[in-house]
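Asker: Starting off with a structure, shown below.
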Amino acid sequence: MFQLTRFMSIFLNEVTITLSDSVLIIGAGVAGMTAAVELADSGIKVILVDRQPTIGGNALELYKAFPTDDCFYCFEGNSWRPGIRKCFYRSAMIDQPNIDLMINTEVSEISGLPGKFKAKLSIGPMYVDPKKCIMCGLCLEYSGAFKLISPQCQPQSVTYEPAKAEEGDKKAEEECPTKAIDLSAQQTEEIVEVSDIVVATGFHEMQPVDVDEYGYGQYPNVITQLELARILDPNGSSGGALLRPSDGIQVKNVMMVQCVGSRDENYYAYCSKICCVFALKHANIMTAERNGIQTTVVYMDMRTYDRHERYYREARESGIRFVRGRIRLVEPQEDGTIDITVYDSLLDKYLKYSMDLLVLSSALEPPVGSSEIIKSLGLKSASGYIGPADVVSENEVIAGDHVYVCGTASGPVEVPESVTQARAVVSKILQERK
Ligand SMILES: Cc1cc2nc3c(=O)[nH]c(=O)nc-3n(C[C@H](O)[C@H](O)[C@H](O)COP(=O)(O)OP(=O)(O)OC[C@H]3O[C@@H](n4cnc5c(N)ncnc54)[C@H](O)[C@@H]3O)c2cc1C
Ligand code: SF4
Ligand code: SF4
């Protein structure tokens, strides 16, 4: 029987909630959202937490998705982005009464026993109340500290970054038509008791600042694949036009380099699995949708697993160039172009190219905080990601007793695999309760 008791503890700003039989999901990306909706639809109470002010995780910024080339924007229309179809998962986060969605929230401590965990949640500060914000945009006019993360953010609300505080903040607080802003908001804590924990904390794209040969972080025209996805996005700052970050000039030539930080003992020894496919996806989009852009891909091996081989075939047929080798030298020029020297291992020759943009297929790494979760729940680590509890059966979604993992929290996987794993977790939890 589901019970709810909420009482103030002796600590200021700390609330304890007992939700017997409910499930705590850490991370509201594709995997966490899928698990949340399917558990909730099966009548199970879910507490879904995400450290970000919006749900959606990395998929929020990816424009088109392999394997279907559908747009990632499956989201209901609003005044900022009219006419978009409604996404089942994201709208369910708000509408499904069995889901308690907590954004800006992290799990700071886990104690208790399997089947009866206690998780301490650190919430906020919630400077903007998402239930009150109507996205009128007034505060954005007064101060750069207020931000619209994305037109399809959920909850539909602007956010406030205190590090960018400006004079106009106070005026925005006073004039907000719904009184949604509270600049004096403080962090609060809650302790929840749950029977199961699902870790869906996803991945982070490595910032290759230490990989000296590419000059990332020094040269503005050297970017990562995730940054390229944001530029190609019609909702991005250039409206989808591929412009050089240094001077806004139209890009004509792009070089991509694979395995940056992956398959490299100095960084991550593993293959990040999906970066060959998303590099090809971006190369194909640029060829098909952005007139006249010539793309060259420098690779060690092209690993287009499973059904994604078609992206490689399409890329070859459409004239995208492939060079097997490694980049040796990156030299930015005064006119904004970059001279790139590549060692071609098939020709055994050094080749020199002039490019507008260099895109790094950077390693996908575990997000900050993964090792703490692994430690506090006594889980196995697999290259920093969460490994299966039983290495013999290798059931990839069972991470411990009453602890499950899905999506990229267990290593790089695509969206369909993340969804399949989330559904496997739901099925395991339902079987446990029979
Ligand atoms: C450039 C690029 C292009 C891609 N293109 C495609 C594509 O076309 N098709 C495709 O299928 N896949 C693609 N992918 C892969 C896709 O992004 C992932 O499969 C998908 O986002 C995984 O979802 P997830 O829920 O596992 O993780 P994430 O999207 O990473 O979500 C994890 C969530 O957990 C939250 N979180 C993390 N740690 C904590 C914590 N300690 N406490 C609270 N919250 C936390 C994060 O804020 C985040 O919201 C691409 C990836 C990249 C980098
Ligand atoms: S002024 Fe208030 S309601 Fe309008 S966008 Fe800002 S926070 Fe939201
Ligand atoms: S998927 Fe491709 S780019 Fe990514 S690490 Fe593996 S081989 Fe390198």
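Asker: In whole percent, how big is the carbon plus sulfur part of the accessible area of the chain, probe 1.4 Å, protein atoms only?
Answerer: 51
Asker: I've got another one for you. If I histogram all Cα-Cα distances within the stretch 299-345 using bins 10 Å wide from 0, what percent of pairs lands in each bin?
Answerer: Percent of pairs per bin, in order: 22, 35, 31, 10, 1.
Asker: Provide the per-residue ³J(HN,Hα) series for the stretch 248-256, in order, calculated from phi with Karplus coefficients 6.51, -1.76, 1.60 and θ = phi - 60°, each as a whole number of Hz, with x at glycine and proline positions.
Answerer: Couplings: x, 7, 4, 6, 10, 10, 10, 10, 10 Hz.
Asker: Of the candidates S410, S345, S370, which one comes out as most mobile in a Gaussian network treatment of the chain with C-alpha springs shorter than 10 Å?
Answerer: S345
Asker: Let me ask you something else. Assign one of three labels to the stretch 26-69, namely rounded, prolate or oblate, based on the Cα gyration tensor with a ≥ b ≥ c the square roots of its eigenvalues; rounded applies when a/c is under 1.5, prolate when it is not and a/b is larger than b/c, and oblate otherwise.
Answerer: Judged from the Cα gyration tensor, the stretch 26-69 comes out oblate (a/c at least 1.5, b/c at or above a/b).
Asker: Rounded to the nearest 500, what is the 222 nm mean residue ellipticity of the chain from helices alone, with -39500 (n - 2.57) per DSSP H run of 4+ residues and division by all residues?
Answerer: Result for the chain: -6000 deg cm²/dmol, rounded to the nearest 500.
Asker: Which of rounded, prolate, oblate describes the stretch 198-267, given a ≥ b ≥ c as roots of the alpha-carbon gyration tensor eigenvalues and a/c under 1.5 marking rounded, otherwise prolate only if a/b is larger than b/c?
Answerer: Oblate shape, in that a/c is at least 1.5 and b/c is the bigger or equal ratio.
Asker: Farthest toward the dipole's positive end in the chain, which of P332, S111, L358, given Cβ charges of +1 (Lys, Arg) and -1 (Asp, Glu) about the Cα centre?
Answerer: So the residue furthest toward the plus end is L358.
Asker: Need one value: the accessible area of M300 in square angstrom, 1.4 angstrom probe, rounded to the nearest 10.
Answerer: Rounded to the nearest 10, the figure is 50 Å².
Asker: Also: May I ask for log10 I(q)/I(0) of the stretch 85-183 at q = 0.10, 0.12, 0.14, 0.19 Å⁻¹, from a Debye sum over the Cα atoms as equal point scatterers with solvent left out?
Answerer: Values, matching the q order: -0.36, -0.50, -0.65, -0.97.
Asker: Now for a different question. Scan around A382 for amide H atoms under 5 Å from its own, H built in the peptide plane at 1.01 Å from N, and keep only partners 5 or more places away or cross-chain.
Answerer: Amide H to amide H, under 5 Å and 5 or more residues apart or across chains, A382 pairs with G387.
Asker: For Q154, which sequence-distant residues (separation of 5 or more, or a different chain) have an amide H within less than 5 Å of its own amide H, given hydrogens modelled in the peptide plane?
Answerer: Amide H neighbours of Q154, under 5 Å, 5+ apart: I55.
Asker: Another one. Let me know the shape class of the stretch 207-363, please: from the alpha-carbon gyration tensor, a ≥ b ≥ c as square roots of the eigenvalues, rounded when a/c is under 1.5, otherwise prolate if a/b is greater than b/c, or oblate.
Answerer: It comes out rounded by the Cα gyration axes.
Asker: Which three extents, in angstrom, do the Cα atoms of the chain have along their principal axes, listed largest first?
Answerer: Reported extents, whole Å, longest axis first: 70, 61, 37.
Asker: Also, I was wondering about something else. Mind checking the full-extension length gain between N395 and E166? Use 0.36 nm per residue of separation minus the Cα-Cα distance, one decimal, nm.
Answerer: 77.3 nm is the gain from fully extending N395 to E166.
Asker: Would you be so kind as to identify which of G144, Y214, L228 lies farthest towards the positive end of the dipole of the stretch 121-280, taking Lys and Arg as +1 and Asp and Glu as -1 on Cβ and the Cα centre as origin?
Answerer: L228
Asker: Could you order peptides 382-390, 199-207 by the average number of other Cβ atoms within 10 Å of their residues, highest first?
Answerer: Per-residue Cβ counts within 10 Å, averaged per peptide and sorted highest first, yield 199-207, 382-390.
Asker: Considering only protein heavy atoms, what per residue accessible area in square angstrom results for the stretch 207-363 with a 1.4 angstrom probe?
Answerer: 45
Asker: ³J(HN,Hα) across the stretch 231-247 via Karplus (A = 6.51, B = -1.76, C = 1.60, θ = phi - 60°), whole Hz, x for Gly/Pro?
Answerer: 5, 5, 5, x, 8, x, 5, 9, x, x, 6, 8, 10, 5, x, 5, 9
Asker: Please turn the phi angles of the stretch 287-297 into ³J(HN,Hα) values with the Karplus equation 6.51 cos²θ - 1.76 cosθ + 1.60 (θ = phi - 60°), one per residue in order, whole Hz, x for glycine and proline.
Answerer: My calculation for the stretch 287-297 gives 5, 7, 10, 10, 3, x, 7, 9, 10, 10, 10 Hz in order.
The values are calculated or read from the model by the stated rules, or taken from the named source; none is laboratory data. Since this is a predicted model, take the numbers as computed values, not measurements. Note that we place each Cβ from the backbone using ideal geometry, even for glycine, and neighbour counts take in every protein chain shown. The area values use the complete protein model at the heavy-atom level, side chains included, leaving out ligands, DNA and RNA. Shrake-Rupley method; radii C 1.70, N 1.55, O 1.52, S 1.80 Å.
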